[in-house]
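Beneath this line is the structure, given in structure tokens, with notes to follow.
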Amino acid sequence: MVLGFNWVGLVGVFYDFFMYFFGWLFLDGWREVLGERAEGCVLEVGVGTGLNLPFYRGVDGVVGVDSSLGMLGRGVDRCLDLDVGFDVSFLLMSVESLGFRDSCFDTVVSSFLLCNVDSGRGLGEIERVLRPGGRLLLLEHVRPENRFLDFLFRLVNPVSVWVLGDDLRGEPVKYLEERGFRIDCVKRFGGFLLFVECRVE
């Protein structure tokens, strides 16, 4: 018998550890905003390990998709430990190719995902599966307003893109406007964290 190390599962463990720290600092407050503004049938793209699940209020159900099997496994475990009061499904799927019919979700939630994928394809798929008037709730890190912090982000960004596929200096509002989303609300925190609420016309 050959024993192998579960690197896929380890990714989820490190992700949770990293996100718990930043959740304690400030992220959980913004996750609460996402959860409170979501309504109806919700699709969470890049659901990861399900860290947003405890914050949803009054939704009909949540379908979480992610391209990482290890992340989804931890998400399922977390969901089993929670009494969320609504139906939750997890699917192995990329936001760039969503296997759902057109106009089937009331809300799409995305946390730190557009920086990791082809934003044009991802937003096109999100637009397709949202019902007319449907809401996209987005949380992303963006190019910092502070010049010194932006300098640091520029130094780190090539490594982040190469190792993680994560662009630390993305421009989500620009991407949304190019796709024709109607921007309802934009809030910035700490100079580099952006919350966006927008709709499909």
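Only one of the listed residues (117, 129, 109) is β-branched (Val, Ile, Thr) and over 14 Å from the mean Cα position of the chain (by Cα). That residue is 129.
Among the residues of the stretch 84-131, those that are buried (at least 16 other Cβ atoms within 10 Å of the Cβ) and in a helix (DSSP H, G or I) comprise 114, 115, 116, 119, 122, 123, 125, 126, 127, 129.
Taken over the stretch 86-106, residues that are over 11 Å from the mean Cα position of the chain (by Cα) and either without any contact (Cβ under 8 Å) to a residue 12 or more places away in the chain or over 16 Å from residue 59 (Cβ atoms) (or both) amount to 12.
When each of 199, 169, 154, 182 is tested for being among the basic types (Lys, Arg), over 15 Å from residue 119 (Cα atoms) and modelled with pLDDT under 80, the lone residue that passes is 154. Answer yes or no: is there a residue in the stretch 52-72 that is crowded, with 22+ Cβ neighbours inside 10 Å, farther than 23 Å from residue 187 by Cα, of a type outside the set (A, V, I, L, M, F, W, C) and modelled with pLDDT of 90 or more. Yes.
What's the number of the only condition in (1) in contact with a strand residue (DSSP E or B) (Cβ under 6 Å, 6 or more places away or on another chain); (2) at pLDDT 95 or above that residue 100 fails to meet? For residue 100, the exception is condition (1).
Do the conditions hold for residue 47, that is, is it assigned to a strand (DSSP E or B) and either in contact with a Cys (Cβ under 7 Å, 6 or more places away or on another chain) or buried (at least 17 other Cβ atoms within 10 Å of the Cβ) (or both)? Answer is no for this residue. If the condition is being assigned to a loop (DSSP other than H, G, I, E, B) and over 25 Å from residue 39 (Cβ atoms), then the stretch 51-83 contributes 67, 68. Taken over the stretch 171-200, the criterion of being in a loop (DSSP other than H, G, I, E, B), farther than 18 Å from residue 33 by Cα and aromatic (Phe, Trp, Tyr) is satisfied by 181 alone.
The values are calculated or read from the model by the stated rules, or taken from the named source; none is laboratory data. Remember, it's a predicted structure, so these values are computed and weren't measured experimentally. Counting neighbours? That spans all protein chains shown, and the Cβs are built from the backbone with ideal geometry, glycine included.
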